[in-house]
1. List the residues whose amide H sits under 5 Å from the amide H of residue 10, counting only those 5 or more places along or on another chain, with H placed 1.01 Å from N in the peptide plane.
2. Show the residues, 5+ positions off or on another chain, whose built amide H is closer than 5 Å to the amide H of residue 79.
3. What's the extension gain from residue 81 to residue 106 if we count 0.36 nm per residue and subtract their Cα-Cα distance?
Amino acid sequence: MVTGRERKAINRDYFNSYVWKPALAEAGVIASLEEGNTNGARVWEPSRENGFHALRHFYASEEREAGESVVSLARRLGHSDPGFTLRKYSPFLPRAGARGSAAIDAISA
């Protein structure tokens, strides 16, 4: 959870527009803020894969990769069905299967 000075959760839209997206733009990951918007809204390059929600995917994927229980992870993510969590985050596990392969390699060596 991302918190502010008051130790309360930061609004995700605020964090995305004023913290996350400016950092990505500064790093050259996305284009800079579009200027000249008449209604004063902050309009960033659309980038769902680089948006705030990407942090959630990163967190969940790393937890699963480290061997965290699907049930525990589902609870923390607010999913009522651990099967949903497993289906949603399994594609984000690039190193999936490496432990099993290493174990078989160690046995057969």
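1. Long-range HN contacts for residue 10: 2, 3, 4.
2. none
3. This chain segment gains 5.5 nm when fully extended.
Every number here is computed from the coordinates shown, using simple stated rules; none is lab data. The model shown is predicted, which means the values in this text are computed figures rather than measured ones.
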